[in-house]
């Protein structure tokens, strides 16, 4: 039941537009600058500045923010600590062909690969 509630909440937030402070919080969790967050979200610096002024992101941008929040959550579960999650998400990973998870997740298909790898780590499935 909690998963359905979380999904409904995320859908509502996406449709209404993620608020600027939530993106700042995500950047802090990931330990990346706002500029780096804009880069992985595929938002230009000028648009990021406009979002800061407006206080809210578009639907598509909000979906990408939720994508990274989901991966952050999975990484903390799989790796057992905030520092472990931060480090893992920002370093090249053998299970991703040497790619960096934050970069790989710029598209949903890549985020699914990262998610699968995190689930394998979490559940101890190495092969």
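Nothing in this text is a laboratory measurement; each read-out follows from the coordinates by a stated rule. What you are looking at is a predicted structure, and each value in this text was computed from that prediction instead of being measured. When we count neighbours, we look across all protein chains shown, and the Cβ atoms used for this are built from the backbone with ideal geometry, even at glycine.
Estimated from the Cβ-Cβ distance and a Förster radius of 22 angstrom, the FRET efficiency linking residue 112 and residue 31 is about 0.40.
Just subtract the alpha-carbon distance of residue 99 and residue 119 from 0.36 nm times their residue separation and send over the number in nm, one decimal.
Taking 0.36 nm per residue and subtracting the Cα distance, the gain is 5.5 nm.
With r defined as the distance between the Cβ atoms of residue 9 and residue 92 and R0 fixed at 30 Å, what FRET efficiency is calculated, to the nearest 0.05? In this case the efficiency is close to 0.35.
What length, rounded to one decimal in nm, is gained on full extension from residue 22 through to residue 50, with 0.36 nm per residue of separation minus their alpha-carbon distance?
Working: separation 28, 0.36 × 28 = 10.08 nm, distance 1.54 nm.
The span from residue 22 to residue 50 would gain 8.5 nm if fully extended.
Each label was represented as a point 7 Å from its Cα along the Cα-to-Cβ direction; for residue 81 and residue 59 these points are 4.2 nm apart.
Convex hull of alpha carbon positions in the chain: directionally averaged projected area 7.8 nm². When each of 51, 91, 120 is scored by the number of other beta-carbon atoms lying within 10 Å, the sequence from fewest to most is 91, 120, 51. Does anyone have the angle between helix 45-54 and the longest principal axis of the chain? Alpha-carbon axes, 0 to 90°, nearest 10? Taking Cα atoms only, the helix is inclined about 60 degrees.
How far is helix 20-30 tilted, in degrees, relative to the longest principal axis of the Cα atoms in the chain, given as a value from 0 to 90 rounded to the nearest 10? It is inclined by approximately 20 degrees.
Relative to the longest principal axis of the Cα atoms of the chain, helix 59-79 runs at roughly 30 degrees.
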